[in-house]
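Asker: What follows is a single structure, and I will ask about it in a moment.
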Amino acid sequence: MNGIRSGEEKMYEFFSHIIMIILSLLAFLPFWLLIAASFTEEHTAVREGYKFFPSQFSTAAYGYIFQQWAQIGRAYGVTLLVTALGTVGSVLVIMMASYALTQKDVPGIRLVSFLIIFTMLFNGGIVPTYLVFNNLLHVKNTLFGLLLPGLFCSAFNIVLVRSYISSNIPSALIEAAEIDGAGQFRIFSQVIMPLSKPIIATIGLLNGVAYWNDWTNGLYYINDAKLYSIQQLLNEINNNIQYLSSNANSISGIYTSNIPSNTVRMAIAVVAILPILCLYPFFQKYFSKGITLGAVKG
Amino acid sequence: MKKKLLALTLAATMGATVLVGCGSKSDGAAATGDGAAAATETTAAEAEDGEVKHIIVTWVHYAGVGADMQAVTDAVNEITVPEIGVEVEFMPMSINDTMTKYSTYIASGERMDCMLLLFQDPLQYYNNGSLEPLNDLMDQYGTTIKGLAEEFPITATAADGNLYGFAPVDQYYSMEGCVYLKADYVDAAKSISDDPDHVYTMDELTQIFKEVKEAYPEIYPYNVVGNGINSTNLPVGFTSGLIYDSMGSGVHSGVLLGEDSTEIVNLFETEEYYNYLKTVKEWFDAGYILPDAVTTDSTSTDLLNSGVTATALTSFNPIVYADELANMGEGTVPLKTTIPYYQSTAAGLVTWTIPVTAQEPEAAMKFYDLVYSNADLMNLIMWGIEGKHYVKTEDEGVIAFPEGVDASNSGYYNTFGVWGDRRDQYVWNPVAGKEPNEAFTKAAMEHKTKAGIANYQFDTSAYTGQLANIDTVLNQYLPALECGSVSDLDKTYNEFISALKSAGIDTIIAENQAQFDAYLEANGIAK
Amino acid sequence: MAKEGKAVKPNKKHIQWKKTIAVYTLLAPALIYFLFNNYLPMFGIVIAFKRINYRVGIFKSPWCGLENFKFLFNSGNAWMITRNTVLYNLLFIIVGTLFPIVVAIALNEIRSKIASKAYQTLILLPYLMSMVVVSYLVYAFLGGETGYINNSILPAFGVEKKIQFYQESKYWPFILLFVNQWKSIGFNMILYYSNIIGISPEYYEAARIDGANKWQQITNITIPSLKPTIITLLILSVGRMFYSDFGLFYQVPKNSGLIYNVTQTIDTFVYNTLMNQNNIGMSSAAGFYQSIVGFVLVIVANKVVSKLSPEDAMF
């Protein structure tokens, strides 16, 4: 902004700060509670509930989880790899498809649009999807089993990106390039991609988090412990604890050991989120201001 | 234009159907039809060759697979290969996975030769065609099991006469309700009887809770929580003193109340159950129950270990008694609420089956039979390798951990006792040994319910929808009711009963009664 | 200056093959993926109409008409669960459109880059958590005995009596709305924000020179630029009208039976009913029911939009 800012603008900014501060607090406080809870001594937590400042500090929950630190380390690796590959791959595929759909003069494009959107409306269900990926494509116990089912390309993303391209990248630009003799691939890589940084970051984040938090693909397609993702591993620990508590009376011979179950769940959640938190700042820059459409002129 | 698009889409979908139809159908067929055929052929051939058959056996766990799994598998094969020519491969699955994955595996033809159904109703699996009928296989290769089945109710048979699964032989056969009071609070409870077999009424329990609460005001004596309650796991059986038999098909299809009854009733509509709820609510109001009981995330064990509650609700028998002594401390007193009695165990919560995706059903059956007849094999699979995972003590049949090993770091620790003839299973505490179990079973056999005598199975295949609806109602109301955590008991209770009725419980019970009466008559059992 | 010459106009008779092939090549990976991931499994829809018997396989299993659908409508719950699902969705759509836009505009007004980044990171935190963890945290606040509100906040106002949140229906529409927005604001805001920051500052300059005040700038420049995104998201939400966020409605209320009348949706009802049943016919029927309704709604919504604002119609 040039020149002296008016009182009105200052007031808007002031209220915006207020709104954002309140929201940030609301977002952050529960997170702090989560961390505090994970460092609380188990019996104290059961007796008194979770507090922002633990009345009795303990790292037992983390100790329990990291007994299997080798497996956890490998699970982190698997998840990182899958997230990285999946995000990059899916963003590329989605960007290509979305740009293609904006070219309304190509025959059949409207039908293709409909077919893609239709996939958001009807779902065959878990079992048929499993049959296709397992029996037809044999992705079981491979990285593809974690990368492909359900997550790799979603019609929702395509619709979003197509909408973004239509409204933010003027067709005049594309037409100019076509007239200059550029082929579609060149237009895609040299016009569309550079100008789409915000939306690329957006769906990158959406897909990245989806990959990171996913555990259902692992549940169905992965039996080999070497390929467990971190969420799958942590979910196992959690669910098994649950099952035992509701069925311990039904069968003798169950020897329950002293698992610090409540605080372990909190520690599990922290362990699952931390890496994303560390990586998010790198995405940040794509959302900041200053990305202009300077190329639009002319 | 729209119509054209829709038509195209439909055509595409149908075309796709054909494509995958070919693919998955042949896979499925390979596992079922062709698989069975191939197996019979090759068995005939290989019985002559003496070639070793390979089978896949599910190994259910809850705490993970120890490092020595392979070593134990090898030791198992050292027994099975020479004896029956079968090589075993274990397929570890967590208990949670078995709930969700079995259907998918079966639907996609995933191979399993021996499948354990734990905490699940096996009848559903049978009804949707997932299980092989075992009658012929049992006659040919399962002679040990067959023999045991004449003595113990371990086989599960469907209404059409097909045998579809069998359970391990338990160390004891009986049920006895019990409330265990933790050792720390026993001194405060003056009303505890000197007679260890005294059967406590709910009023006597109230007195004991009162005494504990007076001595320890911050404690909640009665340890019931909502998150453990569902239609198969109800506190009423442990606390109320009611003897009821759900006839192997669950409370949602009605129960027999009392030893001699042949009239199937809706447990929840009976006066006895209502009175039980009233007393539990009084306990809640008096502060004997955790106010957050319905919604807390903590398990009842957590609460007990954290010093919030004082009791554990479970059945009494020598095995569980030993467990509770270990978990709650020596000096823990079992407050029994019923006499030992024997009830129907028709469709058990532990069922070994051979699914339709098995490729070597004969070998599977041979393996099963060997587990029942060979106690060493059974103990090997249960506890691991002697010297490494356990050592024998001077007491016969009692084992302990070796130096430096315990439950958390042992390389092999099997938590589910589901294998073979468990009367010969090694135990960790002499209290749980063979003798006390036999005595206990004997006492229970003197009090058999009518369903226990009959070994009857209700055919539920036509009622899955209604049963599902009834279960929903149960799971909606029972946690709050059984925890006493309702502001207006009568209002909620009446809502509960009418919800059950609109879900169709009376029809189901009538149907159950009709089948039961017919069965009793056909088998010459007096009413 | 652009050359005069071959204008790129849609010409029905003269299809540009080179462009067509290139465009379809760009589409190819996505289309192949959808074929395998979505279209081939659609054969599974037939499962809703069959009584599945694995011995003969899915394809040979007998047909059973609409029998698998009965459990949805039999128990007298059908009205309640449908009403809950639809009403919550409408509520979430309205609030979930206004609120993120307000926040996105607010964030846009922040000049300090450091503050802006900090706010963005913080409000995204809830999005990264799984709903299971959120349910534990909600319990930490709302728990009857040990909850923060009952133990610390109410006493600070001099209120001694504890509120049993998990047994009183009246609080839950607000609680669920709050949790839903709290968790998704970080991400939803980004969808709008990335559009806002793409608006050329020249527009604002021109407006300011013309004497427009801040409010006029927002309503005449910022919000109209969001129109395509808003409409797209609206149509998609309409298609999901019979679906709900399972984690939100099942985990957060801790599946407490006493408040079912305001927390039970179609998805949680199906889950609760079929949890012990392992009946893929019935669960497939429930999914089909939701899909069919959503499909019809999307077609209708799209038709409405294509009459009012043709360039924003989805197809």
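Every number in this text was worked out from the coordinates using simple rules, so none of it is lab data. In this text, all values refer to a predicted model and were calculated from it rather than measured experimentally. Positions of Cβ are generated from backbone atoms using ideal geometry, with glycine treated the same way; all protein chains shown enter the neighbour counts.
Asker: Using only the alpha-carbon atoms, what does the protein assembly as shown span along each of its principal axes? Please give whole angstrom values in decreasing order.
Answerer: 103, 81, 58
Asker: Using the alpha-carbon centroid of each, what span in Å lies between the range A:99-140 and the range B:303-317?
Answerer: 53 Å
Asker: Please state the charge dipole magnitude for the protein assembly as shown, taken about the Cα centre, from unit charges on C-beta atoms (+1 on K and R, -1 on D and E), reported in debye and rounded to the nearest 20.
Answerer: Working: 70 positive and 101 negative charges, 1725 e Å.
The dipole of the protein assembly as shown has a size of about 8280 debye.
Asker: Counting Lys and Arg as +1 and Asp and Glu as -1, each charge on the Cβ, what is the dipole of chain B about the Cα centre in debye, to the nearest 20? Intermediate values should be presented prior to the final figure.
Answerer: Working: 27 positive and 75 negative charges, 383 e Å.
It comes to approximately 1840 debye.
Asker: Suppose R0 equals 35 Å; then what is the FRET efficiency for B:Val52 and A:Val88 from their Cβ-Cβ distance, rounded to the nearest 0.05? Don't skip to the answer; put the middle values down first.
Answerer: Details: r = 47 Å, r/R0 = 1.35.
The value I calculate is 0.15.
Asker: Compute from the Cα atoms of the range C:45-140 the Rg and the Dmax, the latter being the longest Cα-Cα distance, and quote both in angstrom.
Answerer: 23.3, 67
Asker: Sticking with this structure for a sec: Using the Cα centre of the range C:83-265 as origin and beta-carbon charges of +1 (Lys, Arg) and -1 (Asp, Glu), tell me which of C:Ile105, C:Asn188, C:Ala115 is placed farthest towards the positive end of the dipole.
Answerer: C:Asn188
Asker: So for each of C:76-85, B:486-495 I average, over its residues, the number of other beta carbons within 10 Å; can you give me the resulting order with the highest mean first?
Answerer: Values: C:76-85: 17.8, B:486-495: 14.6.
Top of the packing list down: C:76-85, B:486-495.
Asker: Okay, next question. Based on other C-beta atoms within 10 Å, arrange B:Met115, B:Met93 from fewest to most. Before the final figure, lay out the partial values.
Answerer: Working: B:Met115 30, B:Met93 22.
Ordered by Cβ neighbours within 10 Å, fewest first: B:Met93, B:Met115.
Asker: With the Cα gyration tensor of chain C giving a ≥ b ≥ c as the square roots of its eigenvalues, does the rule (a/c under 1.5 for rounded; else a/b larger than b/c for prolate; else oblate) give rounded, prolate or oblate?
Answerer: Details: a/c = 2.41, a/b = 1.12, b/c = 2.16.
Oblate, because a/c is 1.5 or more while a/b does not exceed b/c.
Asker: Name the long-range amide H neighbours of C:Lys50: under 5 Å, sequence gap of 5 or more, or other chain; modelled H, no Pro or chain starts.
Answerer: HN-HN under 5 Å from C:Lys50: C:Cys64.
Asker: For a label point 7 angstrom out from the Cα of A:Leu279 toward its Cβ, which stretches of the range A:203-224 have the backbone nitrogen within less than 13 Å?
Answerer: Answer for this model: A:204-214.
Asker: Could you give each residue of the range C:83-89 its phi-based ³J(HN,Hα) in whole Hz, using Karplus coefficients 6.51, -1.76, 1.60 with θ = phi - 60°, and x for Gly or Pro?
Answerer: 4, 4, 4, 5, 5, 4, 4
Asker: Too long at a 25 Å Cα-Cα cut-off: which of B:Lys366/B:Lys392; B:Lys366/B:Lys442; C:Lys183/C:Lys254; A:Lys197/C:Lys117; A:Lys51/C:Lys183?
Answerer: On the way: B:Lys366/B:Lys392 29 Å; B:Lys366/B:Lys442 31 Å; C:Lys183/C:Lys254 17 Å; A:Lys197/C:Lys117 17 Å; A:Lys51/C:Lys183 21 Å.
Table pairs above 25 Å Cα-Cα are B:Lys366/B:Lys392; B:Lys366/B:Lys442.
Asker: For B:Phe90, which sequence-distant residues (separation of 5 or more, or a different chain) have an amide H within less than 5 Å of its own amide H, given hydrogens modelled in the peptide plane?
Answerer: Sorted by chain and number, the residues that satisfy this are B:Val57.
Asker: Taking θ as phi - 60°, what are the ³J(HN,Hα) couplings along the range A:31-40 by the Karplus curve (6.51, -1.76, 1.60), each to the nearest whole Hz, with x for Gly and Pro?
Answerer: Computed from phi, the couplings for the range A:31-40 are 5, 4, 4, 4, 5, 4, 4, 5, 9, 9 Hz.
Asker: I would also like to ask the following. Could you tell me the convex hull volume per residue, in Å³, taken over the Cα atoms of the range B:164-245? It would help to have the intermediate numbers written out before the result.
Answerer: Details: hull volume 12.3 nm³, N = 82.
Residue-normalised Cα hull volume stands at 150 Å³.
Asker: Return the average number of partner chain Cβ atoms within 10 angstrom of each residue Cβ along peptide A:134-144.
Answerer: Details: counts 7, 11, 9, 4, 0, 0, 2, 0, 0, 0, 0.
Mean shielding count: 3.
Asker: Quick one: of A:Lys10/C:Lys227; C:Lys227/C:Lys307; B:Lys190/C:Lys161, which pairs are farther than 22 Å apart, Cα to Cα?
Answerer: Numbers: A:Lys10/C:Lys227 27 Å; C:Lys227/C:Lys307 15 Å; B:Lys190/C:Lys161 34 Å.
Violating the 22 Å limit, Cα to Cα: A:Lys10/C:Lys227; B:Lys190/C:Lys161.
Asker: In units of 2.2 N^0.38 Å, what is the alpha-carbon radius of gyration of the range A:83-239? Display every interim value, and only then the final one.
Answerer: Details: Rg = 18.2 Å, N = 157, 2.2 N^0.38 = 15.0 Å.
In units of the globular-protein estimate, the range A:83-239 measures up at 1.21.
Asker: If you take the beta carbon distance between B:Glu263 and B:Ala159 as r and set R0 to 25 Å, what does 1/(1 + (r/R0)^6) give as a FRET efficiency, to the nearest 0.05? Working shown, then result.
Answerer: Numbers: r = 21 Å, r/R0 = 0.84.
For B:Glu263 and B:Ala159, the calculated efficiency is 0.75.
Asker: Quick one, could you list the DSSP H helices from chain B stretching 30 Å or more along their long axis (Cα atoms) with average Kyte-Doolittle hydropathy of 0.0 or above?
Answerer: Values: long enough: B:2-29 (39 Å, 0.59).
Those that pass (Cα extent of 30 Å or more, hydropathy at least 0.0) are B:2-29.
Asker: Related question: Report the label-to-label distance for B:Ala526 and A:Thr59 in nanometres (one decimal), using points 7 Å from each Cα along the Cα→Cβ vector.
Answerer: Each label point is offset 7 Å from its Cα along the Cβ direction, giving 7.3 nm.
Asker: Run a plain Debye calculation on the range C:83-265 (Cα atoms as equal point scatterers, no solvent) and give log10 I(q)/I(0) at q = 0.19 Å⁻¹, rounded to two decimals, same order as the q list.
Answerer: Per q value, in the given order, log10 I(q)/I(0) is -1.25.
Asker: Now a separate question. For C:Ala118 and C:Ser309 in one chain, what is 0.36 nm times their gap in residues minus the Cα-Cα distance, to one decimal in nm? Each step should come with its number before you reach the end.
Answerer: Working: separation 191, 0.36 × 191 = 68.76 nm, distance 3.77 nm.
65.0 nm is the gain from fully extending C:Ala118 to C:Ser309.
Asker: Next question. Considering amide H positions built from the backbone, and no H for Pro or chain starts, which residues 5 or more places from B:Gly165, or on another chain, come under 5 Å of its amide H?
Answerer: Correct list: B:Ala156.
Asker: Something else about it: Place a point 7 Å from Cα of C:Lys70 in the direction of its Cβ. Which residues in the range B:124-141 have their backbone N less than 18 Å from it?
Answerer: Those under the cut-off are B:124, B:127-128.
Asker: Work out the P(r) tail for the range B:346-430: percent of alpha carbon pairs separated by more than 18 Å, whole number.
Answerer: Values: 1851 of 3570 pairs.
In whole percent, the share of Cα-Cα pairs in the range B:346-430 beyond 18 Å is 52.
Asker: Moving on. Starting from the Cα of B:Glu446, move 7 Å in the Cα-to-Cβ direction to define the label point; list residues of the range B:165-187 whose amide nitrogen is under 20 Å from there.
Answerer: Residues B:172-178 qualify, since their backbone N sits under 20 Å from the label point.
Asker: Calculate the mean, over all residues of peptide A:97-104, of how many other protein chain Cβ atoms lie within 10 angstrom of the residue's Cβ.
Answerer: Working: counts 9, 3, 3, 9, 5, 1, 7, 1.
That works out to 5 on average.
Asker: May I ask you to derive the FRET efficiency for A:Ala172 and C:Lys170 from their Cβ-Cβ distance with R0 = 60 Å, giving the value to the nearest 0.05?
Answerer: Values: r = 56 Å, r/R0 = 0.93.
E between A:Ala172 and C:Lys170, to the nearest 0.05, is 0.60.
Asker: What are the semi-axes of the equivalent ellipsoid of chain B, taken as the square roots of 5 times the eigenvalues of the Cα gyration tensor, listed largest first and rounded to whole Å? Please report the intermediate quantities before stating the final value.
Answerer: Details: eigenvalues 328, 202, 111 Å².
Gyration-tensor ellipsoid for chain B: 40, 32, 24 Å.
Asker: Follow-up. Show me the ranking of peptides B:381-387, C:110-116, B:292-298 by mean Cβ neighbours inside 10 Å, starting with the highest. Present the calculation step by step, with values, prior to reporting the outcome.
Answerer: On the way: B:381-387: 18.1, C:110-116: 14.6, B:292-298: 26.0.
Highest to lowest by the protection proxy: B:292-298, B:381-387, C:110-116.
Asker: From the phi angles alone, apply the Karplus equation (6.51, -1.76, 1.60; θ = phi - 60°) to the range B:178-188 and give each ³J(HN,Hα) in whole Hz, x where the residue is Gly or Pro.
Answerer: 3J(HN,Hα) across the range B:178-188, in whole Hz: 7, 10, 8, 9, 5, 3, 4, 10, 5, 4, 5.
Asker: Next question, about the same structure. More than 18 Å apart: what percent of Cα pairs in the range A:36-121 qualify?
Answerer: On the way: 2512 of 3655 pairs.
Summing the P(r) tail past 18 Å for the range A:36-121 gives 69 percent.
Asker: Right, here's the next one. List, in the order given, every pair from B:Lys491/C:Lys70; A:Lys226/B:Lys53; A:Lys104/C:Lys18; B:Lys182/B:Lys213; C:Lys50/C:Lys70 whose Cα-Cα distance in the structure shown is over 20 Å. Before the final figure, lay out each step's value.
Answerer: Details: B:Lys491/C:Lys70 29 Å; A:Lys226/B:Lys53 28 Å; A:Lys104/C:Lys18 15 Å; B:Lys182/B:Lys213 13 Å; C:Lys50/C:Lys70 13 Å.
Violating the 20 Å Cα-Cα cut-off are B:Lys491/C:Lys70; A:Lys226/B:Lys53.
Asker: Within 10 Å of each Cβ in A:35-42, how many Cβ atoms from other chains are there, averaged over the peptide? It would help to have the intermediate numbers written out before the result.
Answerer: Working: counts 0, 1, 3, 0, 0, 0, 1, 4.
Mean shielding by partner chains, rounded to a whole number: 1.
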